[in-house]
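Shown next, in structure tokens, is the structure this report addresses.
Nothing in this text is a laboratory measurement; each read-out follows from the coordinates by a stated rule. None of these values were measured; they are calculated from a predicted model. Cβ: placed from backbone, ideal geometry, glycine included. Neighbour counts: every protein chain shown.
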């Protein structure tokens, strides 16, 4: 095989010397688009769907706070932000599909690291129910500690604590963070090299369509992820283990890790197919030579924003000299903050504020809010195309849409009432101290150390069946588990003396429906601004500076939006906790109940605060776009130093 033939052979689809003719139908930009979209689709299923939907489950299983869960997902964006310039620099002039393939493989490895805590931690006890407190503890291997026992012993609790603390939660948390860091590093080539590779190998007029399909695959992946995790959480976390626990039980832990196992394997599988694409498609070079010959005059006139690394500060100053760019970037950072908060914590907010099970909140969010993001993205692009908006028109659209978003976000104060829990925020009957954990009706039960398992007595919630003085449980009914022979319930005047498992949540289905309508509207309006903001960014900087401006803007949106968003909101969420877990001597690790009023205030403050600053920023961007006087034209030229012949940039500002 000659040198030319060998070179042409390497432009074929395949691996090493295996590039058969029957595989060449894959050697097209459309199949690369399909593979890259699968890359994004799989990443979004886990990062934007499965993980957010399982946050409360992981918190309950491993004893993490909301801030700690926010730090886990922020580590993903931190890794991506740090590695973006390096990957762009190293892979920009090399075989881009190779880097994408290894990135997808690394992402799969990261997902497998993320699920390791399930396998290195002691198995979760599938606690069975004791239906009669007169049963002998010694005759039961797996014991329910929640009923009222006069002869209760703490030895079983101590043994369980010994097992649970073996290895410590620090190891589990480190594995979670490491998994997200590796996954974040693996996703980097998808954005920095995958999209440019598509742009290089298709005609310029079809690039927006390819990018649009790619973006849609990510939004669709998030929706699929939420639907899947809603099904996975219905399965017990320990496969093959039979348990009498029900999904309604506060101690239930769903199968949070199986999604990471499935899609980790899919990542590895798809990386093999991405690896087969050549550095350049066979017809690309010929087509580009033709395009260059037709547009050589225009290309010859264009100048890059910077010619060397030394000129980077000057180029950055040049980009930031455009006030429309500055203010649209500020607005974009706040929008990214809102998106990060919503994507990570909103399923948990729905779960807490409206008494929804984790799988139900994930399903509701995935079927309503995520599709609205796709609709908003398409609608925003259609309006821009239909109205043929210029720079000023796009900036005006950003401002108007953000105003509607501000109004919609101000309606997110809707919530159910905070549960009235005896000994936590409500006194026992015939008592005046809301923080007194015991009462005469349960003093003989020895309830210290009993885990939180709320039971409902009309409008009053007890910490556990033990705290309600219950001695029997009915597990034969297909409905909620009923507890009977409850001393405190009798004292409270509850007629039947039967208490049902779970909080006494009020009937607030209408509030949930209205909340979801406004949240869906906020999501739609947020994503409507993506296209006009993109237009403002491109048209507010000099020709040749667009790529650098977009990259700079993307990094700023990660640094000031995607990374701090989950951390700040997670910390604020922890501030609204009214009942922390106390297990094995570790107090304050997991929040069991939240103050609904406080959580609603935090959500409203974060959402409306960000949306208000966004609207102001977009207004200023529009103002400086339409300002009739004082516009500046920045001319970029070159200077040669006489002593060493080096070339550098010079700038001249002309006011007109």
Cβ-based exposure ranking for 435, 596, in which fewest neighbours within 10 Å come first: 435, 596
Please report 326, 590, 455 as a ranked list, fewest other C-beta atoms within 10 angstrom at the top and most at the bottom. 326, 590, 455
Length-normalised contact order of the stretch 190-283, Cα under 8 Å, at least 6 apart, in percent, tallies to 23
Take 51, 365, 452 and order them by how many other Cβ atoms sit within 10 Å, fewest up front. 452, 51, 365
Between the stretch 500-541 and the stretch 383-400, what is the C-alpha centre distance in whole Å? 22
What number, in percent, do you get for the relative contact order of the stretch 381-534 if the mean sequence gap of Cα pairs under 8 Å and at least 6 apart is divided by its residue count? 29
By the Kirkwood definition, with r running over pairs of different Cα atoms, the stretch 403-456 has a hydrodynamic radius in Å of 14.2
Within 10 Å, count the other beta carbons around each residue, average over each peptide in 96-105, 245-254, and list them highest first. 96-105, 245-254
Specify whether the C-alpha gyration tensor of the stretch 164-253 places it in the rounded, prolate or oblate class, a ≥ b ≥ c being the square roots of the eigenvalues: rounded for a/c under 1.5, otherwise prolate if a/b is larger than b/c and oblate if not. oblate
What Kirkwood hydrodynamic radius, in Å, does the stretch 343-434 give when the mean of 1/r is taken over all pairs of distinct Cα atoms and then inverted? 17.0
So, relative contact order of the stretch 382-473 in percent, Cα under 8 Å, 6 or more apart, is 19
Within the P(r) computed for the stretch 223-275, what percentage of the Cα pairs occupies the region above 19 Å? 40
